[in-house]
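A.B. asks: Before I ask anything, here is the structure I am working with.
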Amino acid sequence: MIHINAPVRVRFAPSPTGFLHIGGVRTVIFNWLFARHYGGQFILRIEDTDEKRYVAGAAEDILESLRWVGVDWDEGPDIGGPHEPYVQSLRSELGIYQQYVDQLLLRGLAYKSFITSEEIEVMKAAAQERGLKSFRFRSRERDWSADQVAAAEAEGKPYTVRLKVPLSGTTSFHDLVRGGEAINVNNHDLYDIVLLKSSGMPVYHLAHLIDDHLMNITHVIRGEEWVSSTAYHVLLYQALGWDMPIYAHVPNILRQDGRGKLSKRKDDVATNRFWERGYLPEALFNYLALQGWSYDDHTEIMSRDELIERFTIDRVQSSPARWNPDKLKDMNGIYIRQMSADELTERLLPYLSQAGLINATPLPEERAYVRHLVPLIHERLEEMQEAPELLSFFFQPVEYPNPLLLIPKKMDMPGTIATLREAQSRLSELFIWDVPTIEASLRTLVDELGLKAGQLFGTIRVAITGRTVAPPLFETLEALGQDRSLDRMLAAIQTLEEASETM
RNA sequence: GCCCCUAUAGUCUAGCGGCCUAGGACGUCACCCUUUCAAGGUGAAGAUCGCGGGUUCGAAUCCCGCUGGGGGCGCCA
């Protein structure tokens with residue numbers, strides 16, 4: 001049994017190299033749920049120590065995605081906190097990392113390395129040619145004397161600072177996700193990682209660790225791709241003489257075909273895209289919470305509060321999950337159906353505006369009309385972006401590219417024309433245009449004509465909507481209004497007549 | 001290649017030594033409801049619990065090996 005000591009402090013530390021993808025969101029969710037469950041704090045920190053891959057605006061974009069998903073943070077770059085700043089490039093300028101590097105250097109636990117990346121590449125290639133597939137780099141300066149180092153420095157050669165990783169022995173650590181089991185790594189399989197780049201900027205391994213320590217992070221919940229670097233972190237903590245946080249490496253989300261983890265380039269997984277397609281943040285949150293975690297053998301739909309109450313790290317899976325868009329879509333449909341018609345109306349307006357069906361800033365009558373239409377598609381919607389397509393015929397004229405679709409099963413062209421004429425005439429006689437009246441009128445007609453309900457209703461459906469699949473007929477007629485309904489039926493009759501002449 | 005992690009139906013998962021003739025969900029199929037499509041309801045197919053050894057009275061559950069899958073092996077995070 002895992003016992004968690006409160007108070008708990010966790011963080012999410014994205015790198016502003018692009019958009020936030022869905023796998024990152026899942027990791028955020030686990031961190032956030034963990035913090036909220038134990039009444040602790042969730043901290044946001046920007047890890048922008050990669051000058052080369054930095055993308056302007058990415059950090060803002062990531063924050064916006066997080067807000068949309070519904071995650072909030074107690075300390076962060078935008079709201080500050082007791083451990084400011086929360087951006088690593090700023091912390092680097094303050095010399096925060098340098099001071100610890102100096103300490104390590106002084107104590108001989110790290111060393112300056114004057115070898116260039118190009119030289120390493122050459123050595124690697126040579127090693128590979130000799131048939132050595134693995135290359136554990138231990139720099140030659142590892143054991144240089146102070147004089148040798150001073151001489152190289154005097155020449156003005158750029159250098160990196162590397163950690164002096166023990167040549168032998170074992171490094172081990174525990175992982176909450178793996179039931180607290182110890183993971184052991186032979187130091188022989190490690191290499192001397194870079195701590196400080198020649199630019200003076202710290203590398204992730206160093207920066208995140210110092211910040212985690214300074215910010216009193218108690219639990220590090222991160223993707224399992226970090227498992228293999230954790231030994232370095234343990235060694236670094238030991239070198240600095242600090243207590244380690246508790247680790248929990250959460251499983252990756254694999255691509256749909258199972259071939260590798262989700263990738264920004266190959267998969268449509270930008271968080272913003274889910275907003276565009278009409279996913280509800282609540283649904284995405286719920287789905288993602290279930291990627292690598294489960295509550296019991298049957299509960300799936302859970303509110304944010306329920307998730308907070310139920311989330312525990314010991315129920316996190318240690319094997320990878322698989323991206324399943326169908327399941328997400330299904331869940332989104334469930335959340336849409338749970339929503340009130342008023343709320344769905346408001347959420348749908350932007351999609352209808354964007355499709356050009358209504359004004360960019362919806363007019364009051366447009367809003368009212370959409371509200372009237374919402375019940376017709378409410379339970380047919382899985383992604384909100386589908387709404388414009390489902391509702392287009394209420395806003396745009398219909399056409400009959402294939403008039404034959406107007407002809408019901410077991411009926412011919414003249415029969416259909418006659419039937420539509422009769423229906424049009426009956427409906428034109430109605431003084432009250434509501435669902436019960438329309439229904440009564442048409443059902444009576446079905447009996448009188450000796451037709452099947454599906455035959456009459458089918459042809460009217462195509463006549464007024466231009467399609468064979470549409471919302472329920474009476475409600476659609478009612479929402480369309482008497483004039484437009486009658487006009488469209490006339491247009492359908494005319495289309496059929498023209499078609500029969502050319503045949 | 002080396003190191004680490006991992007393994008229940010197409011997919012997500014429940015299972016923590018007897019409650020398992022392996023439970024739930026997505027997807028698939030059928031039927032019911034019904035004016036189409038959905039939603040809803042009922043039901044079905046689908047897992048020799050990756051394989052092989054052990055431990056045990058008893059294993060999906062514990063141990064070992066193999067195989068498969070994933071991750072890592074950067075002056076990227």
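A.B. asks: With the cut-off at 1.5 for a/c, could you classify the range A:102-246 from its C-alpha gyration tensor as rounded, prolate or oblate?
C.D. replies: oblate
A.B. asks: Could you derive backbone 3J(HN,Hα) for the range A:469-486 from the dihedral phi with the Karplus parameters 6.51, -1.76 and 1.60 (θ = phi - 60°), listing whole Hz in sequence and x where the residue is Gly or Pro?
C.D. replies: 10, 7, x, x, 5, 5, 5, 5, 4, 4, 5, 6, x, 5, 4, 5, 4, 5
A.B. asks: Counting DSSP beta bridges in chain A, what percent are antiparallel, to the nearest 5?
C.D. replies: 55 percent
A.B. asks: Return the calculated 222 nm mean residue ellipticity for chain A, to the nearest 500 deg cm²/dmol, obtained by summing -39500 (n - 2.57) across DSSP H runs with n ≥ 4 and dividing by the residue count.
C.D. replies: Helices in chain A give a 222 nm mean residue ellipticity of -14500 deg cm²/dmol.
A.B. asks: When ligands, DNA and RNA are left out and all protein chains stay put, how many square angstrom of accessible area per residue does chain A have with a 1.4 Å probe?
C.D. replies: Normalised by residue count, the accessible surface of chain A is 48 Å².
A.B. asks: Mind checking the range A:37-87 for trypsin sites (Lys or Arg not before Pro) that DSSP puts in a loop (not H, G, I, E or B) and that have at most 15 other Cβ atoms within 10 Å?
C.D. replies: Those satisfying the criteria are A:Lys52, A:Arg53.
A.B. asks: If you don't mind, there's one more thing I want to ask. Which of the peptides A:145-156, A:274-285, A:214-225 is most tightly packed, and how do the rest follow, going by the mean number of other Cβ atoms within 10 Å of each residue?
C.D. replies: So the peptides A:145-156, A:274-285, A:214-225, ranked by packing, come out A:274-285, A:214-225, A:145-156.
A.B. asks: I'd like the distance separating the alpha-carbon centroids of the range A:14-76 and the range A:312-336, in whole Å.
C.D. replies: 20 Å
A.B. asks: Restricting to DSSP loop positions (anything but H, G, I, E, B) with no more than 16 other Cβ atoms inside 10 Å of their own Cβ, which GluC sites (Glu not before Pro) remain in the range A:353-402?
C.D. replies: For GluC sites (Glu not before Pro) across the range A:353-402 that sit outside H, G, I, E and B with at most 16 neighbouring Cβ atoms in 10 Å, the list reads A:Glu399.
A.B. asks: Would you mind checking the tilt of helix A:230-240 against the longest principal axis of the Cα atoms of chain A, expressed as 0 to 90 degrees and rounded to 10?
C.D. replies: That helix lies at roughly 40 degrees to the long axis.
A.B. asks: Same structure again: Compute the distance in nm between two label points, each set 7 Å from the Cα along the Cα-to-Cβ direction, one at A:Arg426 and one at A:Arg140.
C.D. replies: According to this spin-label approximation, the distance is 9.7 nm.
A.B. asks: Cut-off under 17 Å on the C-alpha distance; same-chain residues fewer than 8 positions from A:Lys261 excluded. Which aspartates and glutamates are left, in chain and number order?
C.D. replies: Once the sequence-local aspartates and glutamates are set aside, what remains near A:Lys261 is A:Glu224, A:Glu225.
A.B. asks: Using alpha carbons only, how many angstrom separate the centre of the range A:450-503 from the centre of the range A:82-110?
C.D. replies: First find each Cα centre; the distance between them is then 74 Å.
A.B. asks: Assuming 0.36 nm per residue, please report the length gained on full extension of the stretch A:Glu475 to A:Leu214 beyond their Cα-Cα distance.
C.D. replies: Extending this stretch completely gives an extra 87.7 nm.
A.B. asks: I've got another one for you. Whose amide H sits under 5 Å from the amide H of A:Arg322, counting only residues 5 or more places off or on another chain, with H placed in the peptide plane?
C.D. replies: Amide H neighbours of A:Arg322: A:Leu254.
The values are calculated or read from the model by the stated rules, or taken from the named source; none is laboratory data. The shown structure was predicted, so the numbers you read here are calculated from the model rather than taken from an experiment. Please note: Cβ atoms are built from the backbone with ideal geometry, for glycine as well, and neighbour counts cover all protein chains shown. Only protein heavy atoms, including side chains, enter the accessible area calculation; ligands, DNA and RNA are left aside. Shrake-Rupley method; radii C 1.70, N 1.55, O 1.52, S 1.80 Å.
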